[in-house]
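None of the figures in this text is laboratory data; all of them are computed from the coordinates on show. The structure presented is a predicted model; accordingly, all values stated were derived computationally and were not measured. As a convention, Cβ positions derive from the backbone with ideal geometry for all residues, glycine included, and neighbour counts pool all protein chains shown.
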């Protein structure tokens with residue numbers, strides 16, 4: 001399901017790196033030197049969180065339109 005989520009990488013002046021973000025988990029982010037690394041990092045982080053949620057019986061967020 002994590003592939004259905006909306007991801008993006010933006011430059012962060014504050015951090016001096018690219019930050020990977022996902023709409024469905026606004027509290028999660030991943031910093032990296034390149035946009036591709038930031039996207040890969042946030043996708044991996046979301047996959048880890050979804051596995052943890054499945055283990056504890058939590059319902060994952062519904063993907064936003066256009067995910």
ask   = How much length is gained on full extension from residue 31 to residue 10, taking 0.36 nm per residue of separation minus their Cα-Cα distance?
value = 6.6 nm
message = How far apart, in nanometres, would the label points at residue 62 and residue 47 be if each is projected 7 angstrom from Cα along the Cα-to-Cβ direction?
response = 2.6 nm
note = Expressed as a whole-number percentage, the relative contact order of segment 2-56 with C-alpha contacts under 8 angstrom and at least six residues apart is 30 percent
